[in-house]
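Chemist: Provided herewith is a single structure, encoded as structure tokens, for subsequent inquiry.
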Amino acid sequence: MPNNPPHENKETRADWDPAELGFTRTPSEDDPRRDPALLQAIEKVAPGTALRQAVDDVIRSREGALIVVGDPQELAFLYSGGIRLDAPFRPQLLYELAKMDGAIIVDAAVKRLAWANVQLMPDATIPSEETGTRHRTAERVAKQTAALVVSVSQERETVTVFVGQAHYQLDPVADVLAKTNQALGTLDTYRQRLEQVLLRLTALEFQNAVTLDDVLVVLQRAAMTSRMAERIQRDCVELGSEGRLIRMQLEELVGNVPADLDAIVRDYHAVSADAEATLVLEGLRSMRYRDLREFERLSELLGYDRG
């Protein structure tokens, strides 16, 4: 039998409950912004961009708009009528064009206004959960093409981004800032707890008394810290130019944690491989297998590959 029985402390159990540590998977895993294509689309309409300036002008004037960003020629099969412009992109001009019915077509680089007053005719058989005509058209166009579609609701004064199968309603900047500042406070707490277990692990290494449970505690804390930092990074993308200060605070909080974790995971990958071989030979209890599986799961979550 191994000489390192599992600790009774709930922070070091292999069957730990993430909720006990204040860590739940749902908010992070359900965030549609984890889709790289959607996050890139959100970046194009973030505060500080010319496109966002035009969208804000449309909202302030209590107008609606349907803006399609993509290759005008590749989107031409959807057009019915419209006015061809081929004019340099200017937020003020887009705002004026939004006063007309129909969609506005902008090139993929957001450099030129290609068409205005276009009636889009996407495939009506494409399923849509949207109820409004503008949003339903936006969803179908996004699903049928690779274009970014921005729908501005006149009644609700909201902005929804559609790309591929994904869509995301932008929150007001003030709301995003408030949530992100709260997340920064949570990240600070996670970072402090991570430093505590890192310090303890270092002390145990000097005593040659490290168990797999001790490493798991560090990785659990690291997973919490990593996920919160990733969420804040996505918030910063949505905030655009309004998120400069938050980016600086995020860099300060994360610091050298990635380098420290890289060293720990790489060191203990070899240890866990030896431990697994020993377990197979000795036929020890399945609980220790769970320790090893948890180590591998957390390592993968943090972006490390045993290979």
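Chemist: Placing +1 at every Lys and Arg Cβ and -1 at every Asp and Glu Cβ, with all other atoms neutral, what dipole size does the stretch 132-258 have around its Cα centre, in debye to the nearest 20? Before the final figure, lay out each step's value.
Modeler: Details: 15 positive and 16 negative charges, 89 e Å.
Computed about the Cα centre, the dipole is about 420 debye.
Chemist: Within 9 Å, Cβ to Cβ, of ALA46, how many net charges do the neighbouring residues add up to if Lys/Arg are +1 and Asp/Glu are -1?
Modeler: -1
Chemist: Still on this structure: Over 25 Å between Cα atoms: which of LYS99/LYS179; LYS111/LYS179; LYS44/LYS179 fall into that group? The partial results should precede the final answer.
Modeler: Working: LYS99/LYS179 34 Å; LYS111/LYS179 33 Å; LYS44/LYS179 21 Å.
Cα-Cα > 25 Å for LYS99/LYS179; LYS111/LYS179; rest within.
Chemist: Under a 5 Å amide H to amide H cut-off, with H placed in plane at 1.01 Å, what residues pair with ALA103 once short-range neighbours are removed?
Modeler: ASN117, VAL118, GLN119, LEU120
Chemist: In whole Hz and in residue order, list the ³J(HN,Hα) couplings for the stretch 187-199 that follow from phi through the Karplus curve 6.51 cos²θ - 1.76 cosθ + 1.60, θ = phi - 60°; x for Gly and Pro.
Modeler: Calculated HN-Hα couplings, in order: 4, 4, 5, 4, 5, 4, 5, 5, 4, 4, 6, 5, 5 Hz.
Chemist: A follow-up question, please. In sequence order, what are the phi-derived ³J(HN,Hα) couplings for the stretch 31-43 according to the Karplus relation 6.51 cos²θ - 1.76 cosθ + 1.60 with θ = phi - 60°, rounded to whole Hz, with x for glycine and proline?
Modeler: 5, x, 5, 5, 6, x, 5, 5, 5, 5, 5, 4, 4
Chemist: Ok, one more. Which net charge results for the neighbourhood of PRO88, defined as the other residues with beta-carbon distances under 12 angstrom from its beta-carbon, given Lys and Arg at +1 and Asp and Glu at -1?
Modeler: +1
Chemist: A further question follows. What list of ³J(HN,Hα) couplings, whole Hz, do you get for the stretch 203-208 from phi and the Karplus terms 6.51, -1.76, 1.60, once you set θ to phi - 60° and write x for glycine and proline?
Modeler: For the stretch 203-208, the Karplus curve yields 4, 5, 5, 5, 8, 6 Hz.
Chemist: To continue, here is another question. What residues qualify as long-range amide H neighbours of ARG112, i.e. H under 5 Å apart, gap of 5 or more or another chain, H built at 1.01 Å from N?
Modeler: Distant-sequence amide H within range of ARG112: PHE89, ASP107.
Chemist: What is the local net charge at LEU194, summed over the other residues whose Cβ is closer than 10 Å to its Cβ (Lys, Arg +1; Asp, Glu -1)?
Modeler: Details: positive: ARG191, ARG193, ARG221; negative: GLU195, ASP260.
Taking every Cβ under 10 Å from that of LEU194, the sum is +1.
Chemist: Going from most exposed to least, what order do THR189, THR158, THR125 have by accessible area with a 1.4 Å probe?
Modeler: THR125, THR189, THR158
Chemist: Taking 22 Å as R0, compute the FRET efficiency from the Cβ-Cβ separation of ALA263 and GLN196 and round it to 0.05.
Modeler: Rounded to the nearest 0.05, the efficiency is 0.80.
The values are calculated or read from the model by the stated rules, or taken from the named source; none is laboratory data. Computed from a predicted structure; not experimentally measured. Note: ideal-geometry Cβ built from the backbone for every residue, glycine included; neighbour counts use all protein chains shown. Ligands, DNA and RNA are excluded from the accessible area calculation, which covers all protein heavy atoms including side chains. Shrake-Rupley method; radii C 1.70, N 1.55, O 1.52, S 1.80 Å.
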